[in-house]
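Laboratory data are not the source of any read-out in this text; all were calculated from the coordinates shown. These numbers were taken from a predicted model, which means no experiment stands behind them. FYI the Cβ positions are ideal-geometry reconstructions off the backbone, even for glycines, and counts take in every protein chain you see.
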């Protein structure tokens, strides 16, 4: 077994590998760029080596610097994680030449599966079902249109060397094919230094389901069930689960056997994933093989009880698989949600900055948090904006979902925008609960993007009750500071007006001094009317002023349920976050509420004459000049952030009055780029 390994990666996956290596008694070496000098993976490893400036091309993608780090520290092997050099055959070859073990598949397997065109040819030859398409390299947009017509719309334009949703476009017309070809080629060249793209038929109502395989050097190969990865946005997975709520045992076995056949055909070794697209009739087609560890591997670990990182290390060290196909057992259900620093309300644009507060849910047997950050850490513009992967499990899918909802409620993040409310909204969707998934789920369920809607009645009940108890706790504190007894207050003082956003509710707190419940928590009785219905609730919570989480139970005629609500002081009220819903709660006396209703509303500043940068990033290009007339839908500028290029278009006809930024300039969010007359 290896004595020391180097992790050629960063963030949560580097921390993940370090944890397993430490448990196995293996020393670890971290590498880091200038932007990651204080990163968690650097602090967690036994040794750390600086490898260059912040841009990944000069650090995490610099093969010579990583090999030098191996030699300088005596690392015998390298785990690549995912992304960066994990599927780079030149890296695998350079390691072999240097006498360093690559904890991954053989170079030939990486090369065979790394090219999306050649991998489909190999899959077809191995008897694996493939999607109809054109596997040759397409020279220009004109040829792309001809081929698309031949295949039949809609088609998928994909980068040959792609991954992670980059260099991918769906086209439903000649015009979309031309534009998609150009943008996909440019994006692929920027991300992978390879601008080749190919076309294939786009399967309507598709599910993205993948099979985890493991193979050793002795020819043993098994599959570990499947992962449902259909909840995607811009071809990036958002929520994954194992097993799939759609597959039956017959289809699962057929997909697994084909995945194993492909792995054997390319002489695979290590952990790998064979991805399939599945239609409504459970017909499945090969998409690609990822010759690395997947981001979503924890859900497989949860339902199999196996440590995939440990197995990768053992296989690389020459050991045989410790189990056969018959010994693979899938138990329970697991769900993973990817927590990103992005703003769901603003079309999921990346959010960078410092994590002023960071408190993930407490880990236990059924809750796992894979993260690479800590409170006070920076989310950089140079890398993927993932904050953490939150994984929960249960005996059933319903139990796993409920645990995920509770864990999301308890995930405290401040300082950057994040997608936790969006993840919670997905879980609450009746369609998600029913398991009716497809890769178009997010586009179909949120056709106009994510906009926090009206507060549903069940959530409003919990928030009103919690707001009343929070206000009561603050009121008791104030009375104590003023030298008055907290108890014995006249009942009129306990009749309050609770406002959630634009709605108001009359609330009466029946218990002046809370009693202690059987759970040992202070217990309040709260009565109020909401939408014509009377509520008489018992709230048990030991929340104290200043705590960011209101935890406890709320019970009434419909039963008792545990709740976790995030609480932030905001002006004279509180910002409450629960179940994906954000509400500003204010508790006032009835007279003050009457006067507050007469206050004028603040009018937002008019920014309609400006093109503002929707995200922090790099201004790649400007397509207009001063004095130029533009039409609605016309391209104005391209902004690049987190390796993705975003085309900004005119919302209406107009004339350019002034340009406030130049190509190559770094932009802040809401910074003016173009001003219109």
Cα-based convex hull volume of region 610-676 per residue, rounded to whole Å³: 65 Å³
Estimate the FRET efficiency between residue 347 and residue 634 by the formula 1/(1 + (r/R0)^6), using the beta-carbon distance for r and 30 Å for R0, to the nearest 0.05. 0.95
Please list, in order, the residues from region 543-579 whose amide nitrogen is less than 20 Å from a point placed 7 Å along the Cα→Cβ vector of residue 433. 554-565, 578-579
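Take the eigenvalues of the Cα gyration tensor for region 4-103, scale each by 5, and report the square roots as semi-axes in whole Å, largest first.
Working: eigenvalues 60, 54, 27 Å².
Square roots of five times the eigenvalues give 17, 16, 12 Å.
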Would you please calculate the Kirkwood hydrodynamic radius of region 516-650 over all C-alpha pairs and express it in Å, rounded to one decimal? 20.3 Å
Tilt of helix 63-73 relative to the longest C-alpha principal axis of the chain, in degrees (0 to 90, nearest 10)? 80 degrees
Pseudo-spin-label distance residue 324 to residue 396, built 7 Å along Cα→Cβ, given in nm, is 3.5 nm
What residues of region 54-70 lie in the reach of a label at residue 37, counting those whose backbone N is under 18 Å from a point 7 Å from the Cα along Cα→Cβ? 54-56, 58-60
If you average over every viewing direction, what projected area does the convex hull of the Cα atoms of the chain give, in nm²? 33.4 nm²
quick shape note, region 229-270: Cα extents on principal axes in Å, largest first -> 33, 24, 15
Report Rg/Rh for region 304-353, rounded to two decimals, where Rg is the Cα radius of gyration and Rh the Kirkwood radius. 1.26
Students often get this wrong: which residues of region 109-153 have the backbone nitrogen under 19 Å from the point 7 angstrom along Cα-to-C-beta of residue 182? 138-149
Could you give the spread of the C-alpha atoms of region 71-191 along their three principal axes, from largest to smallest, in whole angstroms? 55, 34, 20
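For residue 194 and residue 570 in the same chain, what is the full-extension length gain: residue separation times 0.36 nm, less their Cα-Cα distance, in nm?
Values: separation 376, 0.36 × 376 = 135.36 nm, distance 4.94 nm.
Taking residue 194 through residue 570 to full extension adds about 130.4 nm, to one decimal.
Return a whole-number percent for the relative contact order of the chain, with Cα pairs under 8 Å and 6 or more residues apart as the contact set. All intermediate terms of the calculation are to be shown ahead of the outcome.
Working: 1485 pairs, mean separation 61.4, N = 677.
Once divided by the residue count of the chain, the mean separation gives 9 percent.
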Sum of -39500 (n - 2.57) over DSSP H runs of 4+, divided by residues of the chain (222 nm, nearest 500): -8000 deg cm²/dmol
Normalised contact order of region 1-149, rounded percent, pairs of Cα under 8 Å and 6 or more residues apart: 19 percent
Extent of region 163-257 along each principal axis, from alpha carbon coordinates, in Å, largest to smallest? 44, 34, 22
For residue 140 and residue 443, what is the calculated FRET efficiency with R₀ set at 35 Å and r taken between the beta-carbons, to the nearest 0.05? 0.75
Spin-label model distance (nm) - residue 378 vs residue 595, 7 Å beyond Cα toward Cβ: 4.7 nm
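Can you tell me which of 138-145, 616-623, 6-13 comes out highest on packing, and rank the rest after it, using the mean Cβ neighbours within 10 Å?
Values: 138-145: 16.5, 616-623: 18.1, 6-13: 26.6.
Sorting 138-145, 616-623, 6-13 by mean packing, highest first, produces 6-13, 616-623, 138-145.
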Given R₀ = 22 Å, FRET efficiency for residue 481-residue 357 by Cβ-Cβ distance, to 0.05? 0.25
Please compute, over every Cα-Cα pair in region 202-241, the percentage with a separation greater than 15 angstrom. 54 percent
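Mean separation of Cα pairs under 8 Å and 6+ residues apart, divided by the residue count of region 132-201: what relative contact order is that in percent? Intermediate results must be reported in sequence, preceding the final value.
Numbers: 142 pairs, mean separation 29.7, N = 70.
Computed value for region 132-201: 42 percent relative contact order.
Return an integer: the convex hull volume of the alpha-carbon atoms of region 332-444, in Å³ per residue. Could you put the intermediate results ahead of the total?
On the way: hull volume 11.7 nm³, N = 113.
About 104 Å³ per residue, rounded to a whole number.
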